[in-house]
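For reference, the structure discussed in these notes is given below.
The values are calculated or read from the model by the stated rules, or taken from the named source; none is laboratory data. Note that the structure is predicted; figures quoted are calculated from it, not measured. Cβ placement follows ideal geometry from the backbone for every residue including glycine, while neighbour counts extend to all protein chains displayed. Protein only, heavy atoms only, side chains kept; ligands, DNA and RNA dropped before computing areas. Shrake-Rupley method; radii C 1.70, N 1.55, O 1.52, S 1.80 Å.
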Amino acid sequence: MKEFNDFLLSAISGTEWPMFILLIGGGLFLVFYSKFKPYLFFSHAIAITRGKYDDKNAKGDVSSLQALSAAVAATVGLGNISGVAIAIHDGGPGVVFWIWMTAIIGMCIKFYSCSLSIMYRGEDSEGKLQGGPMFYITQGLGKKFKPLAVFFCIAGIFGFLGVFTANQFTETFMSVIKPADTIFEMTDYNWKLAIGFALAIITSFVIFGGLTKIAKVATTIVPFMVMVYLLAVIGVMVMNASKVLPSLQLIITEAWNFDTIVTGGFWGLVIIGVRRAMFSNEAGLGSAPMYHGQSKNEEPIREGLVAMLGPFIDTILVCTFTAVVIILSGAYQEDGSGIVMTLNAFNASLGSWGGVLLMIIVSAFALSTLFTYSYYGVKCLSFLTNAKIGRFYNWYFVIMIVFAAVASLELVKNLIDLSYALMVIPNMIAVLLLAPKVNKAAKVYFQKMKNERAKA
């Protein structure tokens, strides 16, 4: 395992700058190329999500709200709780500022990529409507670009595993409510193995039901889990009100610390922020377009605006609250896995109840992510083979949940970081090359909305 982990680390170092240039450089290009128009229609995006513009006769499998809920369920997970803690532990409070910047840019990337997911939809081997990077690459750029789509899908087979979530859920369980060994006479390894099997079984009940079942479960869980978590962290912040402003100030001042002790100096700090933000909201990764491409919506720009809300919810809101709680508690200065740091932050303010509350929240976050993530892998394998074979990915997915429960955090984090960086490359190349198509459609759509507002 050590040799494999060392290989992952060396591979990650080789993909950092291509990822950074495409994600941040490409994202900034899209922000200015769009003339900031998507951000100006933020309230319109909320209206779309509320169902104001739903078309029941449109092609697709789920509503825009269900697509957003499924995409957010996949992104609002343990990456927002433990991933932020890991980032602050590795890079200091200033890393949060770069998470914010990446998220704001990510909103525009999601607008473009998810607009493309409707603009260029295809069919799988069973004739079912599909969307996502592999389809806008092959249909938007042409068949000669198919190697890019294949590259994306191969990386996705590894990147869309729920290994980080399974690993951090297990750590939480072991830290909060692991029964005494004197009663059950089980080693920590056996406990982790048992937790992994339990997670795999529960996940199986949902993911083998297909997209419709996944979307329905996600739509039920996501609003509840986000609200409970935000109430919990707001409670912690109220109890430590005098420390909230200093924590936010520390984020701003440390973001420009050119003498940081982070490996790689200032740019190392920025890259940690970019990487963790991408892990949090997946902008540029190409995952969300797979859900949004299934929406009952034939207006690409409308779906792009809905998708834009994802990074705002899971990074600007959820990650910021998590970061403030971790910084004001000082938990990020302690050694331990990401989830243990967050657990210590909750316990410092809420006592023993903090751990129990976090366990409930983590359970909802973990399960919603596991329920939704497998779908991405199924689509990747289906594209590489066919829809029938693609469904076997679910078996691979649940087996890897068990593996992740007993694996080290470092190993699963490196596996996901490398896979994500590799997926960004083909997806962002396609999004940047096809951006003029989105701008052309956006010009017509935004003018139509302005005319409607003028008549109202």
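Structure data summary
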{"quantity": "Index of the failed condition, residue 352 passing every other in (1) surrounded by fewer than 22 Cβ atoms within 10 Å (Cβ to Cβ); (2) farther than 27 Å from residue 228 by Cα; (3) not charged (D, E, K, R)", "calculated": "(2)"}
{"quantity": "Some residue of the stretch 96-103 being part of a helix (DSSP H, G or I), within 13 Å of residue 307 (Cα to Cα) and in contact (Cβ under 8 Å) with a residue 24 or more places away in the chain", "calculated": "yes"}
{"quantity": "Scan of the stretch 388-412 for residues that are in a helix (DSSP H, G or I), over 20 Å from residue 189 (Cβ atoms) and open to solvent by 20 Å² or more (accessible area, probe 1.4 Å), ordered by number", "calculated": "388, 389, 395, 396"}
{"quantity": "Of all residues making up the stretch 133-169, the number that are touching a Ser or Thr at 6+ places or on another chain (Cβ under 6 Å) and either under 19 Å from residue 303 (Cβ atoms) or modelled with pLDDT of 90 or more (or both)", "calculated": "4"}
{"quantity": "The stretch 26-56, residues that are assigned to a loop (DSSP other than H, G, I, E, B) and open to solvent by less than 80 Å² (accessible area, probe 1.4 Å)", "calculated": "34, 41, 51, 53, 55"}
{"quantity": "Checking residue 84 against (1) at pLDDT 70 or above; (2) at negative phi; (3) open to solvent by 20 Å² or more (accessible area, probe 1.4 Å); (4) among the hydrophobic types (A, V, I, L, M, F, W, C), the condition it does not meet", "calculated": "(3)"}
{"quantity": "Of all residues in the stretch 112-132 being under 16 Å from residue 287 (Cβ atoms) and not in a helix (DSSP H, G or I), the one that is farthest from the chain's Cα centre (by Cα)", "calculated": "130"}
{"quantity": "Selection from the stretch 98-107 of residues that are more than 15 Å from the chain's Cα centre (by Cα) and crowded, with 20+ Cβ neighbours inside 10 Å", "calculated": "98"}
{"quantity": "Restricting the stretch 363-385 to residues that are open to solvent by 20 Å² or more (accessible area, probe 1.4 Å) and not hydrophobic (A, V, I, L, M, F, W, C), the residue that is farthest from residue 287 (Cα to Cα)", "calculated": "363"}
{"quantity": "Residue that is surrounded by fewer than 16 Cβ atoms within 10 Å (Cβ to Cβ) and at pLDDT below 80, where the choices are 224, 197", "calculated": "224"}
{"quantity": "Some residue of the stretch 183-193 being assigned to a helix (DSSP H, G or I), aliphatic (A, V, I, L, M), open to solvent by 30 Å² or more (accessible area, probe 1.4 Å) and at pLDDT below 85", "calculated": "yes"}
{"quantity": "Selection count where residues are over 16 Å from residue 114 (Cβ atoms) and open to solvent by 40 Å² or more (accessible area, probe 1.4 Å), scope the stretch 426-456", "calculated": "15"}
{"quantity": "Yes/no for residue 76 being modelled with pLDDT under 70 and open to solvent by less than 10 Å² (accessible area, probe 1.4 Å)", "calculated": "yes"}
{"quantity": "Some residue of the stretch 430-447 being of a type in the set (Val, Ile, Thr), out of contact with any Pro (no Cβ under 8 Å at 6 or more places or on another chain) and farther than 30 Å from residue 165 by Cβ", "calculated": "yes"}
{"quantity": "Residue among 170, 138 that alone is of a type outside the set (Lys, Arg), under 23 Å from residue 86 (Cα atoms) and in a helix (DSSP H, G or I)", "calculated": "170"}
{"quantity": "Cβ pairs under 8 Å, 6+ apart, first in the stretch 37-56 and farther than 14 Å from residue 300 by Cα, second outside any helix (DSSP H, G or I) and at pLDDT below 85", "calculated": "47/53; 51/63; 56/296"}
